[in-house]
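Report on the following structure.
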Amino acid sequence: MKITSLQQCESSTVDLAGAAGASRQLPIGKADGAPNFSIRVFTLEPGGHTPHHQHESEHLNYIIAGRGVVMEGDTPRTVQAGDFVLVKPQEKHQYRNTGDRPLVFMCMVPSQYE
């Protein structure tokens, strides 16, 4: 069993084409012995965003803090703290922070996608 706090997890800059003002933490993943799923936490600074992308697996997301939009293809969908988001396989999406405070969200993915 692993119990950790987000404050104990190292943060790294998201260094992908199309990302800006984004960082990532990995509270639980393959290195912890998680055989099926990994939990990542992304923080987007005001005006920050993830790449506009798609992938083969679903992503299960929970908005921890802040507000913004998730692009469903080219359609913006408003999200805020307390919202859950299911991104289906091959669904083009992007998170954008439209607020004045950090947008923080959990992203659960299959471990192989980690």
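The values are calculated or read from the model by the stated rules, or taken from the named source; none is laboratory data. Computed from a predicted model, the values in this text were never measured in an experiment. Quick reminder, even Gly has a Cβ in these numbers, built from the backbone with ideal geometry, and neighbours come from all protein chains shown. Side chains included, ligands, DNA and RNA excluded: accessible areas come from the protein's heavy atoms. Shrake-Rupley method; radii C 1.70, N 1.55, O 1.52, S 1.80 Å.
Among the residues of the range 22-36, those that are open to solvent by 40 Å² or more (accessible area, probe 1.4 Å) and under 14 Å from the mean Cα position of the chain (by Cα) comprise ARG24, LEU26, ILE28.
To keep it simple, each residue is scored yes or no on (1) modelled with pLDDT under 95; (2) within 11 Å of the chain's Cα centre (by Cα).
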position	(1), (2)
ALA19	no, no
THR43	no, yes
LEU60	no, yes
VAL70	no, yes
PHE84	no, no
TYR95	no, yes
THR98	no, no
PHE105	no, yes
GLU114	yes, no
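When the range 6-21 is limited to residues that are under 14 Å from VAL104 (Cβ atoms) and either free of Cβ contacts under 8 Å to residues at least 40 places away in the same chain or touching a helix residue (DSSP H, G or I) at 6+ places or on another chain (Cβ under 9 Å) (or both), the one that is surrounded by the fewest Cβ atoms within 10 Å (Cβ to Cβ) turns out to be GLN7. For the range 51-99, the set of residues classified as in contact with a helix residue (DSSP H, G or I) (Cβ under 9 Å, 6 or more places away or on another chain) and hydroxyl-bearing (Ser, Thr, Tyr) consists of SER57 only.
Filtering the range 1-17 to residues that are of a type in the set (A, V, I, L, M, F, W, C) and within 13 Å of the chain's Cα centre (by Cα) leaves only VAL14.
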